[in-house]
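Here's the structure, in C-alpha cells; my notes come after.
The values are calculated or read from the model by the stated rules, or taken from the named source; none is laboratory data. Owing to the predicted nature of the structure, the values given are computational and were not obtained by experimental measurement. FYI the Cβ positions are ideal-geometry reconstructions off the backbone, even for glycines, and counts take in every protein chain you see. The area values use the complete protein model at the heavy-atom level, side chains included, leaving out ligands, DNA and RNA. Shrake-Rupley method; radii C 1.70, N 1.55, O 1.52, S 1.80 Å.
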Amino acid sequence: MTNMVIAENVHKSFGNNHVLRGISLEVARGEVMCLVGPSGSGKSTFLRCINHLEKINSGRITVDGTLIGYRESAGKIYELKAREAATQRSGIGMVFQKFNLFPHMTALQNVTAGMIRVQGVNVSDAEIEGKKLLARVGLAEKLDHYPAHLSGGQQQRVAIARSLAMKPKLMLFDEPTSALDPELVGEVLDVMKELASTGMTMIVVTHEMGFAREVADSLVFMDGGVVVESGKPGDVLSNPREERTKSFLSKVL
Amino acid sequence: MQSTNHEPIKAVPLRHPIRWVVALFLAALSAAFVIDAAHRSAYDWKSFGKYLFDSRVIHAAGVTLALTALSMFFAIILGISFAVMRRSPNPVFRSVAWLFIWAFRGTPVYVQLVFWGLLSTIYHSFFFGIPFIHINNFYLGFHQTISQQFSLFWIAVIGLSLNEAAYMAEIVRAGLLSVDSGQEEAATALGMSWWTTMRFVVIPQAMRIIIPPTGNEIVSMLKTTSLVTAVPLVTDLYARTRDISAETYNPIPLLLVASAWYLFFTTILMVIQYYVEKRFARGHSALIGVAS
C-alpha cells in the first residue's frame, strides 16, 4: 500500500514571499508526524496545502494515492472543480489553532453540521453519531452548549469531534494547543493521544515537544520553507544533527 | 476588612438640580403645545376622528403596508444575492453586482420611480424567445405588450425594491465582512461547498449585524412608499389622504390621519425588530447560554 501522504518538491509563494521551498516528505498509514519549527518556517502553510486550502505553485501532494487539487489525464494537469476539491477535503480533517467553531451552533450542531450538510446524513442519525463523538472527547454533558460558553480546551475538543464526524482518513492539526491556557493543554493532548492510539494518520504542527516525544512516530523540523531534519522524535530531540535544529531546540526545550 | 462589617453605605445621593429645571421647562412647554393643539381649529380633530378609520383610508393603509412588505421582501432577497455575488469567486457575478449597486444607489429613488412609470413608453413590448428568427413574421417566443402586463402597483413594487436592493446589498456586505475568515475556512475544510458555507455558516452569523440596519430600512421604506405618486400610483396612504383633502379643502386633519397610521406601523415594526434581534443573538448573549 502507498503511504497516506506523499509530498514531492512542494513550492508555495504568496506574491514575492517564497514560503515553501521544496518540501518532500512521506507519512505512512497510521503514522503520527509532528511538524516543528520557528514561526514563519512554513509548517502551517504546508499543512493547509495538504487539504488544498492553499494552492501550491509547483510539486505535487497525494493523499491516499489521490492527487490533491488537480486531476491528471494524458500527461496534462487539470484544476479540480470546486465540488471535487470539496469532496477531497471532506476526507481530510483539520483542527485549527483558533478552533473556528461555528458560534451560532451548539456543540452538537457543530459536530453534525458536516454530516448533514456535506454527507447528506439525516438529522437523527447524525445526532446519534454526534453524541457518540462528543462523549468520546469527554463532552457528553455539553451537547447543547454554545461555543461561547465552553472553555478553550472544550471548544478544541468539540472541533476535533467535528472533524472526526466526517470519518477522515487523515487528520491535520494546526497548532491545536497554542491558543489555550496552559492548564487546558493536557485535555486536548489526551484526546489526540487517544486518537493516535486508534491508528489515525495525523500530522500535527505543534510546539508541544513532550507530546511529540511521547506520541509521534516521526518528527520533522522545518525552517525557512525547507525540511531541515527529520527522524524519530527521540533522536531528533535528543541528538539533533543540524545547527539550526540545535539552536531552535535550545530555545523551546 | 472583616466580614462582619457588612453594613450598606448610607450616603446622601448626589443632587441634579439642573436636570430638574430642564425637565420641568420641557414638560411645561409640551403641555402648552398639547393644550393649544387640542383647541386649535386648524387641526380639526373632529375631521381627524372621522377620517382616521374611513374605509378609503384603511384600504390605503393596506396598500402602503403591502408596498412596504413586498418591496422589502424582494429587496432583501436581491440584496443578499448581490452581496453574495460581490464575494463570489466568479468575476462576472462580481461585476454585475457592482454595476447594479452603482446605478441604483447612485440615482434618486423618485427619479427611478418616474422612469419605471414610463417603462411602457420606452419599451412598448416585451419578448422572450429566440431573437431575429421568424417565419412569416411569426416569432418563436413569448410576446407581451407592457402596459397590459404590469399594473401601476407592481411597477411601484419593482421600482422600490430595486432601489432598496442596492442599499440592502451594502448592509448585507458589511454583515458578511464581519464574520471571521476562520469560519469560512473551517467550513471549507469540512468539505462544504462555497454556497453551503454561505448559507449555513456565514449568512446566519452575518444576520446579527444585518438585522438592526434592516429594521431601519423597513421603517424607511414604509415612508418612502409615499413617493410612489411619481409612478404615478395614487392608492397609497399619503396619496389617498391627499385626494380626500382635495375634496374637503381641509388638508391638515388628513395629514394627521396619514401620520397617525405611519406612526402606528413604525411602532409595530420596532417591537418586531426587538424580538428578531434577540433571536439572532444566539451564541452571543450571556443570557442565552444553553439551547432550550
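Among the residues of the stretch B:168-181, those that are touching a helix residue (DSSP H, G or I) at 6+ places or on another chain (Cβ under 6 Å), part of a helix (DSSP H, G or I) and open to solvent by 10 Å² or more (accessible area, probe 1.4 Å) comprise B:I171, B:R173.
Scanning the stretch A:195-251 for residues being open to solvent by 60 Å² or more (accessible area, probe 1.4 Å), out of contact with any Ser or Thr (no Cβ under 8 Å at 6 or more places or on another chain) and not basic (K, R) gives a total of 10. Counting only residues that are assigned to a helix (DSSP H, G or I) and open to solvent by less than 50 Å² (accessible area, probe 1.4 Å), the stretch B:43-63 holds 10 of them. Taking the stretch B:1-42 as the range and being part of a helix (DSSP H, G or I) and not hydrophobic (A, V, I, L, M, F, W, C) as the test, the residues that pass are B:P17, B:R19, B:S30, B:D36, B:H39, B:S41.
Applying a threshold of 7 Å to beta carbon distances and a minimum spacing of six or more residues, or different chains, the list of pairs starting in the stretch A:115-135 at a residue that is closer than 16 Å to B:A186 by Cβ and touching a residue at least 40 places away in the same chain (Cβ under 8 Å) and ending at one that is in a helix (DSSP H, G or I) and open to solvent by less than 70 Å² (accessible area, probe 1.4 Å) reads A:M115/A:A126; A:M115/A:E129; A:V118/A:S90.
The set of residues in the stretch A:80-102 being more than 23 Å from A:F46 (Cβ to Cβ) and open to solvent by 30 Å² or more (accessible area, probe 1.4 Å) consists of A:K81, A:R83. Of all residues in the stretch B:24-47, exactly one satisfies the criterion of being basic (K, R) and under 16 Å from B:V257 (Cα atoms), namely B:K46.
Looking across the stretch A:80-94, the residues that are at the interface with chain B (Cβ under 9 Å from one of its Cβ atoms) and either in contact with a strand residue (DSSP E or B) (Cβ under 6 Å, 6 or more places away or on another chain) or among the acidic types (D, E) (or both) come down to A:I92, A:G93, A:M94.
Taking the numbered list (1) surrounded by 14 or more Cβ atoms within 10 Å (Cβ to Cβ); (2) more than 33 Å from the chain's Cα centre (by Cα) in turn, B:A66 passes all entries but (2).
Within the stretch A:56-79, if we keep just the residues that are of a type in the set (A, V, I, L, M) and open to solvent by 60 Å² or more (accessible area, probe 1.4 Å), the residue that is nearest to the other protein chains (Cβ to nearest Cβ) turns out to be A:I77. In the stretch B:249-268, the condition of being at pLDDT below 95 and either at positive phi or within 9 Å of another protein chain (Cβ to nearest Cβ) (or both) is met by at least one residue. Tallying residues that are open to solvent by 40 Å² or more (accessible area, probe 1.4 Å) and facing another protein chain (nearest Cβ under 7 Å) within the stretch B:182-218 yields 4. Might you check whether a residue that is open to solvent by 10 Å² or more (accessible area, probe 1.4 Å), at pLDDT below 95, over 26 Å from A:L237 (Cβ atoms) and assigned to a strand (DSSP E or B) occurs anywhere in the stretch A:37-55? Within the stretch A:37-55 (the criterion being open to solvent by 10 Å² or more (accessible area, probe 1.4 Å), at pLDDT below 95, over 26 Å from A:L237 (Cβ atoms) and assigned to a strand (DSSP E or B)), the answer is no, since none of the residues qualifies. Here A:E194 meets the list (1) modelled with pLDDT of 95 or more; (2) touching a strand residue (DSSP E or B) at 6+ places or on another chain (Cβ under 8 Å) almost entirely, failing just condition (2). Taking first residues from the stretch A:95-106 that are more than 7 Å from chain B (Cβ to nearest Cβ) and partners that are assigned to a loop (DSSP other than H, G, I, E, B) and surrounded by fewer than 22 Cβ atoms within 10 Å (Cβ to Cβ), the Cβ contacts under 6 Å between residues at least 6 apart in sequence or on separate chains come to A:Q97/A:E175; A:Q97/A:S178; A:Q97/A:A179. Restricting A:S13, A:S24 to those that are free of Cβ contacts under 8 Å to residues at least 60 places away in the same chain and surrounded by fewer than 20 Cβ atoms within 10 Å (Cβ to Cβ) reduces the list to A:S13. The residue that is farthest from the chain's Cα centre (by Cα), counting only those in the stretch A:69-104 that are at pLDDT below 95 and of a type in the set (A, V, I, L, M, F, W, C), is A:A74. Of the helices (runs of 4 or more DSSP H) lying entirely inside the stretch A:105-173, those containing at least 3 residues that are open to solvent by less than 10 Å² (accessible area, probe 1.4 Å), at pLDDT 95 or above and touching an Asp or Glu at 6+ places or on another chain (Cβ under 9 Å) span A:107-117. Restrict the check to the stretch B:245-263 and report whether at least one residue is out of contact with any Cys (no Cβ under 9 Å at 6 or more places or on another chain) and within 18 Å of B:G159 (Cα to Cα). No, because not a single residue in the stretch B:245-263 is out of contact with any Cys (no Cβ under 9 Å at 6 or more places or on another chain) and within 18 Å of B:G159 (Cα to Cα). Evaluating B:V276 against the criteria (1) part of a helix (DSSP H, G or I); (2) surrounded by 19 or more Cβ atoms within 10 Å (Cβ to Cβ); (3) aliphatic (A, V, I, L, M); (4) modelled with pLDDT under 95 leaves one unmet condition, (2).
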